[in-house]
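All remarks here apply to the structure that follows.
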Amino acid sequence: MRIAITCANLVKDTDGVARVVNKTIEKLKEQKIEMIAFSPAPPLKQDQIIPVFKVPSIPIPFYKEYRFAMPSFAKIKKQLDEFKPDIIHIHSQDLLGVMAIMYARQNGIPVVTTYHTDYIFVIRFYKRYFLEKLAWQVIKFNYKNCHLIFCPSKFVVNTLKTRKITNTALLNHGVDTNVFNPQKASKKLREKLQADGKKLVLYAGRIVWEKGLKTLADAYKILEDRKDILFVIAGKGSAKKELQKLMPKARFIGHLDAKTLSEIYASSDIFVFPSLTETFGLAILEAMASGLPVIGADVGCNRELIENNFNGILFSPRSPHKLAKAIVNLATNDELRQNLSQKAAESGKQKPWDEIIKQLLVYYDLLVYHKDQLPIRKPVDSQDLDPW
């Protein structure tokens, strides 16, 4: 089987999507599967394990962390003609994905996509409404013309179903427990953070406002004078400078590679995740696998990973007082925190990457070799829908 992949960003460890797609590529490579990829942000040369073609792009004005692909169809076609893919997998709803679909249609090749990001939520969050129509046209085209939309959570499946998009398949993301596990805890790291006698409250992810960081900053303000709690922020993003001003006593430790990230997870005491826009919540799963109880916003897919008062705590979204109360509850109740920690680690082990890849390969096999057996409905014509 020969697979062509498109993705807006493949730089290693940049964000959850990049980690998911790169881990998928790594696991498929172990199965001796031939692949190529196209991206406006390819991995560094030393991180490339398959050929990755860089496509032209322009910066997104209100979203400087990412770029919008502006590929040449002639060049894409030439490279795909030479590779002769059996299937194309799109990981971002952009013009690169549109061109991959056009090629697939012209050549009778099955094409699938993964729902990673709610782009319309991001556009509306930043009030760039003028982009909404174009974004929805691209998304409609992709969803209408893909054989399957892989959804990482039941929440996404149900969301698309209510929007009359039914060509979906549930396919969770996984976690590498060789990387993320409680044994990665580091006393030296805690000492470096001057955490003696304090409970480390960690946020790890992109530092952008749509991740609910205003709620986190407001909760910090409520707890700022406590001597037993230390906030640690790992990651980078456009909101970092302003967040540092709002959380002056917090430790901002920058963007981390997977190894260091696993150490800070396992060395912390509590993980906070106030985001409202997740389609899966990979950071939640990584934290849990590291034995870290999670306090997450009570929304969407978070409920599928966090069982309240079993392996974590759910708090009312956009409620800094509820978040602060949950943090204090875990920080001051050692027995509760340890019980949640144990259950979190057990929960993290239940989604190994190898099982996820097996499921993915079943779908690939059906699409490529047994199309008549594939139990899915024909993609709907969503031309007049605006589900967002």
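The values are calculated or read from the model by the stated rules, or taken from the named source; none is laboratory data. Only a predicted model underlies this, so the values are computations on that prediction, with no experimental measurement involved. Glycine also receives a Cβ, built like all others from the backbone with ideal geometry; neighbour counts cover every protein chain displayed.
Quick rundown of the values:
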| item | result |
| --- | --- |
| Matching option when the condition is in contact with a Cys (Cβ under 8 Å, 6 or more places away or on another chain) and either crowded, with 17+ Cβ neighbours inside 10 Å or modelled with pLDDT of 95 or more (or both), among PHE231, PHE252, PHE271, PHE280 | PHE280 |
| Residue among ALA195, ALA219 that alone is part of a helix (DSSP H, G or I) and more than 23 Å from ASN22 (Cβ to Cβ) | ALA219 |
| Residue count, region 3-61 (criterion: of a type in the set (Val, Ile, Thr) and more than 15 Å from the chain's Cα centre (by Cα)) | 12 |
| Selection status of ARG206, outside the structural domain of GLY16 (by TED's automatic domain parsing), in a loop (DSSP other than H, G, I, E, B), charged (D, E, K, R) and closer than 30 Å to TYR119 by Cα | yes |
| Output for region 340-388, where each listed residue is of a type in the set (S, T, N, Q), at pLDDT 50 or above and either touching a Ser or Thr at 6+ places or on another chain (Cβ under 9 Å) or over 16 Å from CYS151 (Cβ atoms) (or both) | SER341, GLN342, SER347, GLN350, GLN373 |
| Enumeration of residues in region 309-344 that are assigned to a helix (DSSP H, G or I), touching a Gly at 6+ places or on another chain (Cβ under 8 Å) and either not assigned by TED's automatic domain parsing to the domain that holds MET288 or not hydrophobic (A, V, I, L, M, F, W, C) (or both) | SER341, GLN342 |
| Complete set of residues in region 113-167 that are under 24 Å from TYR364 (Cβ atoms), in a loop (DSSP other than H, G, I, E, B) and of a type outside the set (Phe, Trp, Tyr) | HIS116, THR117, CYS146, HIS147, PRO152, SER153, ILE165, THR166, ASN167 |
| Cβ-Cβ under 6 Å pairs, at least 6 apart or on other chains, region 147-170 side at pLDDT 90 or above, far side surrounded by fewer than 14 Cβ atoms within 10 Å (Cβ to Cβ) | CYS151/LEU170; VAL157/LEU170 |
| Condition broken by ASP81, with the remaining ones in (1) modelled with pLDDT of 95 or more; (2) surrounded by 15 or more Cβ atoms within 10 Å (Cβ to Cβ); (3) not hydroxyl-bearing (Ser, Thr, Tyr) satisfied | (2) |
| Residue among LYS198, LYS187, LYS164 that alone is outside the structural domain of LEU305 (by TED's automatic domain parsing) and either under 14 Å from LEU261 (Cα atoms) or of a type outside the set (Val, Ile, Thr) (or both) | LYS164 |
| Any hit, region 33-54, residues being among the charged types (D, E, K, R), outside the structural domain of TYR203 (by TED's automatic domain parsing) and assigned to a loop (DSSP other than H, G, I, E, B) | no |
